[in-house]
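> Below is the structure I would like to discuss, written out as C-alpha cells.
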There are 4 protein chains.
Amino acid sequence: MIKVGVVGGTGYTGVELLRLLATHPEVTLQVITSRSEAGYAVSDMFPNLRGHLDLKFQVPQINVLTECDVVFFATPNGTAMGMVAELLAAGVRVIDLAADFRLKDPVEWKRWYEVDHACPEILAEAVYGLPELNRAAIKKARVVANPGCYPTAVSLGLLPLIEQGLVDDQHLIADAKSGVSGAGRGAKVGSLLCEASENFKAYGVSGHRHLPEIRQVLAGVAKHSVGLTFVPHLTPMIRGIEASLYAVIKNKNVDLQALYEQRYASEPFVDVLPAGQLPETRSVKGANMCRMAVQRPQDGDVVVVSSVIDNLVKGAAGQAIQNMNIMFGLAETAGAQIALLP
Amino acid sequence: MIKVGVVGGTGYTGVELLRLLATHPEVTLQVITSRSEAGYAVSDMFPNLRGHLDLKFQVPQINVLTECDVVFFATPNGTAMGMVAELLAAGVRVIDLAADFRLKDPVEWKRWYEVDHACPEILAEAVYGLPELNRAAIKKARVVANPGCYPTAVSLGLLPLIEQGLVDDQHLIADAKSGVSGAGRGAKVGSLLCEASENFKAYGVSGHRHLPEIRQVLAGVAKHSVGLTFVPHLTPMIRGIEASLYAVIKNKNVDLQALYEQRYASEPFVDVLPAGQLPETRSVKGANMCRMAVQRPQDGDVVVVSSVIDNLVKGAAGQAIQNMNIMFGLAETAGAQIALLP
Amino acid sequence: MIKVGVVGGTGYTGVELLRLLATHPEVTLQVITSRSEAGYAVSDMFPNLRGHLDLKFQVPQINVLTECDVVFFATPNGTAMGMVAELLAAGVRVIDLAADFRLKDPVEWKRWYEVDHACPEILAEAVYGLPELNRAAIKKARVVANPGCYPTAVSLGLLPLIEQGLVDDQHLIADAKSGVSGAGRGAKVGSLLCEASENFKAYGVSGHRHLPEIRQVLAGVAKHSVGLTFVPHLTPMIRGIEASLYAVIKNKNVDLQALYEQRYASEPFVDVLPAGQLPETRSVKGANMCRMAVQRPQDGDVVVVSSVIDNLVKGAAGQAIQNMNIMFGLAETAGAQIALLP
Amino acid sequence: MIKVGVVGGTGYTGVELLRLLATHPEVTLQVITSRSEAGYAVSDMFPNLRGHLDLKFQVPQINVLTECDVVFFATPNGTAMGMVAELLAAGVRVIDLAADFRLKDPVEWKRWYEVDHACPEILAEAVYGLPELNRAAIKKARVVANPGCYPTAVSLGLLPLIEQGLVDDQHLIADAKSGVSGAGRGAKVGSLLCEASENFKAYGVSGHRHLPEIRQVLAGVAKHSVGLTFVPHLTPMIRGIEASLYAVIKNKNVDLQALYEQRYASEPFVDVLPAGQLPETRSVKGANMCRMAVQRPQDGDVVVVSSVIDNLVKGAAGQAIQNMNIMFGLAETAGAQIALLP
C-alpha cells in the first residue's frame, strides 16, 4: 500500500482527491493537513465522506509528511514550493496540483504569479504531469507538476495537430468554458449562485495564467513558439470544461479522424468519439477522462476540435492519481470511477 | 459471480443501475433489453459508460432472461407484472424498480395505477424491499418490490417514531421535494430545463401514487391505519429528495437523538447526523445513503425530521442493488460508491 | 414626482429597488448611498441599469437625504434605526427593507438580532407594511417596516384561516423554500454556486429570525399567541419562495376556495388560483405578486395552502414600492411589472 | 393605438412577445391564435400573464387577422409563408419571427429548410429586420424577416470590422453559446433539465441553419462572400447568448474601441462597454439589448469580440417589437424593459 499525505484538503480539488483516494485499492491515506481546520473531522466539512474517511485535519508538520511515500499539494499557488525541498530530501515524492512547478521559466513564472520562485533548481527537474505526453518522465519523477484544467483540455485536443505540423500554429484559437468549481471554494461574489447561474460570460481575455502554460506545452511539441488566442468563459454549472479549438489546416487531405484515433489508441483516459458524434461535459462528470471529437466543417480549411473534461478530475485530482499510479508502477487506471449521468 | 439481466435500461434508473452494476465486484451483467433501442450500443445512448460496458440493447426474450440469476425491471409501471411468472418458474429472482408489486391490495393498486393487476398471487408473496424494515424477508424473497423514492425518504424518517408509538399518527405531515430526474427521461414539457429550472412548485397535492405506499408501510408498523398528508414538490436540480416530516409528539421527555441513533446504529445506508446538524441532498449524490436529522424546535411538541436521499440511488437503483446483495448473501455494501461533492 | 433616496443600494434588494424605481412613472430617484462604493457609477456595478440610471453611489449624508420625500433603507439590519430620527424630524418618510422596525417588542428584537434597539419610540409608531393587512395605517405612516420575505408568503397564505378562526392555531406548520438571493449578495461559502446548486437542504430549524415576525403577525390577527413550526429551506435557484402551509381545520364544511377568493378579491397583488391549480414561483419572477392555492386533500381535516412570491419583489423591493404608492396616494399598482417566463 | 395580431403564441418567443406587448403603450393586442390551444385562456398556459392579458387563443382565421395593422408570426418555420400573401393583400404588415423570409435565395432556403419556398416573390421584397443595418428599409417594409438569435449576436459583433474591411474575412470564427430556450418549448429529450443542466456541449458543428443567414448578412456588407466557421453550443441556463468572435486583423493600428463606440453611438439597443470590461448575458436578461466588448489580446493580430443578447428578446420578440416601432413611426424604444439582475 502506498502511504499518502495530502496538504491542503479543504478546497474542491482537495475533497475530490480525498473521494478518489478513499476508494483507491492500493493507497493508505495517512495525513491530511489544513491550518485553518486543524482538529476538525474531515467528514464534518465534507459529509459525503462520512463513514468513508475517519481522519481529522492536522497542522502541516514536516516530520509527519516525511513518513509518506507521496504527498499531494492541493494548496493555493506558492505553498508547495516552500515545502518540497524538505520532502524530497526525505525521499518523499511530490505531486503538486497547484501551479508552482508548471512553468519551466522562473521569469515567466514571476510574470504571471507575481512572486519570485522559491526553488528554481527543483523547478528545473519537475516533470509536467500530462501522461499522454510525458509518461516515461513521470514514472521517474520526484516532483510532478499536475497540469492546469484548461491546459489539459486544450493541449490534449491540439496535440495530434501540432505533433504532425498540420496547421498554422501561429493563429490557434482556444475558446474554453468552465464550470464554476474552477474558481475554487473561496467566498467570492463572482462565484455566488446568484451571480454565476443563469449567466454566461467571457473573462480574462487580456491574459489568463493558463495561457503561458498551454503555449509552453504546445511549443515544446512544435519545437518553436506558437501563437494562441485563449479565451476562457464561465458557464453556469459546477463541473466540466469544454474547449472548442480552431486551427487552419495546411493540407485538407489528412484523415483527421484516423489521426486522432491512432494518437490516443492506447490511452486509457482519452476517448476519441466516432466520426459525427460530439462530446458533452456530463459524460465525464466525476471521471478521469478527456473525451473529444475532431471535424472539418463544410469541407473547409478550418479544423474544429471539441474536447471535454471534468475540471476537478482529469483537470486536477484524477490526473494527479493517474500520475501517482504511473510513478509507483500501479495499474494506470487503478481507482478510476465511472461518470455520473444524469 | 451473479448473472444479472436488466429489462428496460433506457431511463434514468436504468442507466444508474448500469453504472453501479458495471463496477460491482460480484456481478456479471449479461443482458440489457429495450424494445425501442434494440441493436444499439448502450454506450451510444449513455456515453459515460463508454469503455465500461460493452453491451447492446436487445429485444426482451424470456429464454435469454431465464439464464440470469436475477433480473431487474427498470420499466414503466405495468410491465414487470406481465413477465415475472415465467422468470420465477425458471428459478430466476426478480427485483422490480417500478410500482407493480409495491401495494399489497390489488384493489388499491388498480385505484392508483388504473389497470387490473396481472398476477395478484405473485403480488401476495412479493416482499417490499426496504431493508431497514424487511431484511430477513428480502433475503428469502423471489420477488422484491423496490420502494418508491419518496416512500424511502419518508418511511425511514418516520419509522423510529411510529415503531415506538410516540406521535399523533393521524396527522403526520410529509413535505417532500424532489429533483427533476424523479419525473423520468420521458420528453415532457414540464421536465424541460426552461420549465423546471429557476422554478419551484408543489404538485399532486390532491393525491400522489406514493401516498398509499407510504401509508401502507407506516400502517404495517403501527398496526393500524395512519393519517398522512403528503405534498411533493419539484425542485430545480437533477438528483435528490429532501423530506421534511412533522408530527406532534405525545411525550416531550423522549431523547429523540438517541432513539434515532440506536434505531439505525447497524444500518450501513442510514446515517443519523450528530445533534444540531442538518442534512443536504448533495451529501448523498450518487451514493446509496439516507441521511437524516431529528429536532424538536423551541422545545415545543412538534418533531421535525429532515431526511435526504439520492432518488436514483437509495431511492431506486442503489437500493435495488442493496436488495440483490441481501438476496444473494453478498456483503450488503458491495458495489457502494461515495457521493460526489460538489 | 416623488423625490426618492435609497440608502444602501449594493445588495440584491437594492438593485431590485433601483430597477423598479427607474421605470416608475411618478418617481425621481435623487440619491443612492453606499459607503463602500461611493464615487462609482451604479451601472458599473449593475450593468443591467446602463442607460437607465445615471447616478453614482455617494456617502450617506443627512442633508442630502432630507431633500427627499421618502427614503428607502436597503441596508443590513441595524443601520436604519440609527438614521431614521433625523429624517423624520425633517419630514421625510421612511421605508425600511431591513428588520429594524418589524418586531414591536424591543426585548424580542434584541433576543433575535442581538443588539439593543436604538429607537424604541419610533419602533412603537412604525407600521408593519403588509398592505393586505394594514393599508389604512400605511397610508398615514411616517415609518414603514417592510415585511420579511418568508413572513410575506406565509402570512398572506394563512391570513384567511386565522382571521376566521377556522383552524387549530397552536400547531400551524410552515414549510418554506427560498432561492439563494434571500441570503444576500455577501460572499459566503454557503451561497456559492458550487455549494448551493444541485443541492437542497433545510436550515434554521431550531430558530429563524422570521419566526417571531410571522408569529407576531398571526397573533395580531388571532388576538392570542399562536403555535407555529417554521422550517426554511434553501432551493437551488436565484429568486422565489414557495411556502407550503399546513393546519388542522375545525370545520370541514367551510368553502375554502370561496373564502380565499373573497378575502383577496380586491387585492391587486394577491392572486388566488382557480380550484385545482397550484402556483409555481416562476409565475411571479420579477413581479409584485403573491399567488396561492388552497386545498384540503382527500377530503381530510388538513388544509394545505401553497403560496409563492418573488422574494426580491413582493418579498422586498416590490412591496416597498407598493407601500410607497399607498403612502403618497399614487395608484397602488404604479410601476408594477409582468413576471418573466420562462 | 396599433392593432396587433399574433399567430402562434404558445412557444417561448410567443409568450415573450405577449409579455412585451401587454405593457407596450401604443399597442392593442387584438387576437392570438393557436390551433392546439384554441378556446383556452392565454393566462392558463402562461400564469405570469394573469391579470395582464385577458384573451383566449383562437383558431387562426384570415378575416380576423386582416383587421390588424400588423401580424407577428411566432410559428414554426414554414407557416408564415403560407399566410402572408392574404395579409399583404388586405394591407396588413407582417413581422415573421421564424425563418421563412430570412434567406434571400429560395434555393439556399430549400437546402437548409428542406421544403420549397411558398412565395419567392414575397421573399424578394421582404426586409431583413436588423435595424442597425436596415433601418430605412424596415420603415417602409410590408414584410420583415426578424433575424435569428445567433445571427443577431454574431452579426452585430462583426459588423464594424466587416464594414471597414479590417480583417481576413475568409477565416472568421464565431463560437456561440445559447441558453436552452433557443431550442423552443417542444418536448425533446435533449432539452430536459436532467439532460441539459450541469452539462455543456457543442452541437451542429457540421452545419447549422443560422450559418447561411450570418454569411448572407456579412457578405451583403462585405460585397463578397465570407468564410465563417460557426460553432453553436448549449449552455445550462434558460436565456442568453454569448458569441465570442475571432478574426485576424490586417492593420494593428486601428483603434477598435473607438470604431465600435462610433459605429453604435446612436443605436438605442447596442451597448459597447468601456475598454477593459466584458459583457455577461444576465445583464440583458429580459431586455432588448446587445452588449459587447472588443479586445486585441496581448497586442497580437487576433481581434476578439464578445457579444451578448437575450435570445428571446433582442434575439426574437424584443427585436420584433423594435421593428414594429420603426415600421409604425413610434419611438424605437417604446415598450422596452430593464433587464432582471440577478
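The values are calculated or read from the model by the stated rules, or taken from the named source; none is laboratory data. Remember, predicted model here, so these are calculated numbers, not experimental data. Cβ: placed from backbone, ideal geometry, glycine included. Neighbour counts: every protein chain shown. We work out accessible area using only protein heavy atoms, side chains counted, and drop any ligands, DNA or RNA first. Shrake-Rupley method; radii C 1.70, N 1.55, O 1.52, S 1.80 Å.
> Using a label position 7 Å from Cα in the Cα→Cβ direction, what is the ascending list of nm distances from D:Asp44 to the same site in the other copies?
Shortest to longest, the spacings are 4.3, 5.3, 5.7 nm.
> Next question. Quick check: the distance between the Cα centres of the range C:173-218 and the range B:201-260, to the nearest angstrom?
Answer, in whole Å: 22.
> Follow-up question, since we're still on this one. Can you give the mean number of other chain Cβ atoms that lie within 10 Å of the Cβ atoms in peptide B:173-180?
Per residue, the average neighbour count from other chains is 6.
> Here is a follow-up. Using a label point 7 Å beyond Cα on the Cα-Cβ vector, give me the inter-copy distances for A:Ala265 in nanometres, one decimal, shortest first.
Between copies, matching label points for A:Ala265 lie 6.1, 6.3, 8.2 nm apart.
> Assign unit charges at the C-beta atoms only (+1 for Lys and Arg, -1 for Asp and Glu), then state the dipole size of chain A relative to its Cα centre in Debye, rounded to the nearest 20.
For this selection, approximately 180 debye.
> In square nanometres and to one decimal, what's the mean projected area of the convex hull around the Cα atoms of the range A:84-228?
Result: 10.3 nm².
> Between the range C:107-145 and the range D:114-169, how many Å separate their Cα centres?
Value for the Cα centre distance between the two parts: 57 Å.
> Taking the convex hull of the Cα atoms, report for the range B:196-241 its projected area averaged over all directions, in nm².
If you wrap the Cα atoms of the range B:196-241 in a convex hull and average its projections, you get 3.8 nm².
> Relative to the compact-globule scaling 2.2 N^0.38 Å, provide the ratio for the alpha-carbon radius of gyration of the range A:279-327.
Numbers: Rg = 13.9 Å, N = 49, 2.2 N^0.38 = 9.7 Å.
After normalising by residue count via 2.2 N^0.38 Å, the value is 1.44.
> I've got another one for you. In vacuum, with every alpha carbon of the range A:25-108 counted as one equal point scatterer, what does the Debye formula give for log10 I(q)/I(0) at q = 0.13 Å⁻¹? Two decimals, please.
Those come out to -0.48, one per q.
> Take the cross-link list C:Lys177/C:Lys285; C:Lys56/C:Lys139; C:Lys56/D:Lys252; D:Lys250/D:Lys285 and give me the ones stretching past 24 Å between alpha-carbons. Mind dumping the intermediate values first?
Numbers: C:Lys177/C:Lys285 15 Å; C:Lys56/C:Lys139 31 Å; C:Lys56/D:Lys252 36 Å; D:Lys250/D:Lys285 35 Å.
In this structure, C:Lys56/C:Lys139; C:Lys56/D:Lys252; D:Lys250/D:Lys285 exceed 24 Å between Cα atoms.
> Specify the inter-centroid distance of the range D:1-77 and the range C:284-313, based on alpha-carbon positions, in whole Å.
Measuring centre to centre over Cα atoms gives 28 Å.
> In addition: Helix hunt in chain C: which complete DSSP H runs extend at least 20 Å axially by C-alpha with mean Kyte-Doolittle at least 0.5?
Helices meeting the criterion: C:149-163.
> Just to confirm, what accessible area per residue do you get for the protein assembly as shown at 1.4 Å probe, in whole Å²?
Details: 43280 Å² over 1368 residues.
For the protein assembly as shown, the per-residue accessible area is 32 Å².
> Name the shape class, rounded, prolate or oblate, that the alpha-carbon gyration tensor gives for the protein assembly as shown, where a ≥ b ≥ c are the square roots of its eigenvalues, rounded holds for a/c under 1.5, and otherwise prolate holds if a/b is larger than b/c and oblate otherwise.
On the way: a/c = 1.28, a/b = 1.00, b/c = 1.28.
Because its axes are fairly even, with a/c under 1.5, the protein assembly as shown counts as rounded.
> Before anything else, pin down the relative contact order of chain C: Cα pairs under 8 Å, at least 6 apart, normalised by residue count, whole percent.
Relative contact order comes out at 17 percent.
> Is there a simple number for the mean count of other chain Cβ atoms within 10 Å of the Cβ of residues in B:43-50, and what is it?
Partner Cβ neighbours, averaged per residue: 6.
> Here's something else I'd like to know. Just the number: Rg to Rh for chain A, Cα atoms, Kirkwood Rh, two decimals.
Across chain A, the Cα-based Rg/Rh ratio is 0.96.
> Using packing as a proxy for protection, rank D:327-334, D:51-58 so that the peptide with the highest average count of other Cβ atoms within 10 Å comes first.
D:51-58, D:327-334
> Sticking with this one: Below 20 Å, Cα to Cα, which lysines can C:Lys140 reach? Residues fewer than 8 away in the same chain don't count.
Result set, ordered by chain and number: C:Lys3, C:Lys104.
> How crowded by other chains is C:203-212, given as the mean number of beta carbons from other chains within 10 Å of each beta carbon?
Mean partner shielding for this stretch: 3.
> Count charges around B:Met327 for me, please; just the other residues with Cβ under 15 Å from its Cβ, Lys/Arg as +1, Asp/Glu as -1.
Residues near B:Met327 contribute +1 overall.
> Let me ask you something else. Can you find, among B:Val221, B:Ala85, B:Leu256, the residue sitting farthest towards the positive end of the charge dipole of chain B, where Lys and Arg contribute +1 and Asp and Glu -1 at Cβ?
Result: B:Ala85, furthest along the dipole toward the positive end.
> Let me know the charge dipole size of the range C:150-309 about its Cα centre in debye, to the nearest 20, where only the beta-carbon of Lys, Arg (+1) and Asp, Glu (-1) is charged.
Numbers: 15 positive and 15 negative charges, 95 e Å.
That gives a dipole near 460 debye.
> Quick one: what Rg and Dmax do you get for the range A:150-309 from the alpha carbons, in Å?
Over the range A:150-309's Cα set, Rg and Dmax evaluate to 15.8, 51 Å.
> Per DSSP helix of 4 or more residues, -39500 (n - 2.57); summed, then divided by the residues of chain A. What does that give at 222 nm, rounded to the nearest 500?
Numbers: 12 runs with 100 residues, N = 342.
Mean residue ellipticity at 222 nm (helix-derived): -8000 deg cm²/dmol.
> Once the label point is placed 7 Å from Cα along Cβ, list for C:Glu121 the distances to the corresponding points in the other copies, in nm, shortest first.
Ordered by distance, the counterparts are at 7.7, 8.6, 8.9 nm.
> Moving to a separate point now. Starting from the Cα of C:Lys56, move 7 Å in the Cα-to-Cβ direction to define the label point; list residues of the range C:1-35 whose amide nitrogen is under 13 Å from there.
C:32, C:34, by backbone N distance to the label point.
> Express the C-alpha Rg of the range B:1-146 as a ratio against the empirical globular expectation 2.2 N^0.38 Å, rounded to two decimals. Can you show the working numbers first?
Numbers: Rg = 15.1 Å, N = 146, 2.2 N^0.38 = 14.6 Å.
After normalising by residue count via 2.2 N^0.38 Å, the value is 1.03.
> Need one number: buried accessible surface between chains C and A, 1.4 Å probe, both sides summed, DNA, RNA and ligands left out, in Å² to 100. Provide the component values of the computation, followed by the final result.
Numbers: alone 14720 and 14720 Å², together 27900 Å².
Result for this pair: about 1500 Å² buried.
> Of the options D:Gly186, D:Ala202, D:Thr281, report the single residue whose Cα projects farthest towards the positive end of the charge dipole of the range D:150-309 (beta-carbon charges: Lys, Arg +1; Asp, Glu -1).
Most positive-ward Cα: D:Gly186.
> What is the diffusion coefficient of the range C:244-315 in µm²/s, taking the Kirkwood radius over Cα pairs and the Stokes-Einstein relation at 20 °C with a viscosity of 1.002 mPa s?
On the way: Rh = 12.8 Å.
In µm²/s, the coefficient is 167.
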